[in-house]
1. Could you give the size of the charge dipole of region 110-184 about its Cα centre, using +1 on the Cβ of each K and R and -1 on the Cβ of each D and E, expressed in debye and rounded to the nearest 20?
2. With r defined as the distance between the Cβ atoms of PHE46 and ILE11 and R0 fixed at 22 Å, what FRET efficiency is calculated, to the nearest 0.05?
3. Can you tell me, using C-alpha contacts under 8 Å and at least 6 residues apart, the relative contact order of region 3-94 as a whole percent?
4. With a/c under 1.5 counting as rounded, go ahead and sort region 3-94 into rounded, prolate or oblate using the C-alpha gyration tensor (a ≥ b ≥ c being the square roots of the eigenvalues; past the cut-off, prolate if a/b is larger than b/c, else oblate).
5. What are the lysines whose alpha-carbon lies under 30 Å from the alpha-carbon of LYS12, with same-chain residues fewer than 8 places away excluded?
6. How much net charge surrounds HIS87 when only the other residues with a Cβ under 13 Å from the Cβ of HIS87 are counted, with Lys and Arg +1 and Asp and Glu -1?
7. Dipole magnitude of the chain about its Cα centre, charges +1 at Lys/Arg Cβ and -1 at Asp/Glu Cβ only, in debye to the nearest 20?
8. So what is the relative contact order for the chain, in percent, with contacts set as C-alpha pairs under 8 Å and at least six apart?
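Bear in mind these aren't lab numbers, they're just calculated from the coordinates by the rules spelled out. This structure is a prediction, so every number in the text was calculated from the model and none was measured. Cβ placement follows ideal geometry from the backbone for every residue including glycine, while neighbour counts extend to all protein chains displayed.
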Amino acid sequence: MPADQTTENEIKPDWAQPAAFESVARLDVRPTLASGTDPFEQIMNFMSELRLDENFAVIASFDPQPLRRLLAARGYASYGEQIEPDHWQILFRSEDVADGSGDTVGQEPKTWNEEKLLHVDLRGLAPPGPLVFILSLLDRPGMSKEVIVHLEQDPVYLYPELNERNWDWERLDGDADEIRLRLFRPNSD
């Protein structure tokens, strides 16, 4: 079994009992994986159709640990279960991404609320992680109109993506080792 498929010691949490997930939205990415295509964009598009607090399941041919770590940084707890060979069900439970509990674990971003604004510290996350994280966060339905991001370097590839999504930005004073940006939706009044 590949390293990504090791969940032998994973304890099934109470929230991952079958009854809790009978009616969750499901996305089966096994055909996409079988075609040799990375399903990341498909998963992000699927998630963009969900409410921020909505639980869901991803069906894959293996336990996608990198995806689980990425979504954990965005406020999702997960539980993986192998149904049969090449058939995994990964259940994701939405948690409050802005509740201050998103402590950094390895290369995962830290999130917190400060003065009613969501802050996301992406320092230490290898490229293109910060770009991917920011864009998927901004594309989520129900996302607030403003977020503060803390970065190690100027995100030159982010700016055109922000323009395309009708988001604006301004540089804020920050620590000596960071680029701090306020991302916001311009008033449409």
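1. Details: 9 positive and 15 negative charges, 60 e Å.
Roughly 280 debye for region 110-184.
2. Numbers: r = 27 Å, r/R0 = 1.22.
FRET efficiency, PHE46 to ILE11: 0.25.
3. On the way: 120 pairs, mean separation 30.6, N = 92.
Reported as a whole number, the value is 33 percent.
4. On the way: a/c = 1.44, a/b = 1.07, b/c = 1.35.
Rounded shape, in that the Cα axes give a/c under 1.5.
5. Partners within reach: LYS110.
6. On the way: positive: ARG26, ARG30; negative: ASP28, ASP63, GLU81, GLU84, ASP86.
It works out to a net charge of -3.
7. Values: 18 positive and 36 negative charges, 51 e Å.
Using Cβ point charges on Lys, Arg, Asp and Glu, the chain gives about 240 debye.
8. Result for the chain is 15 percent.
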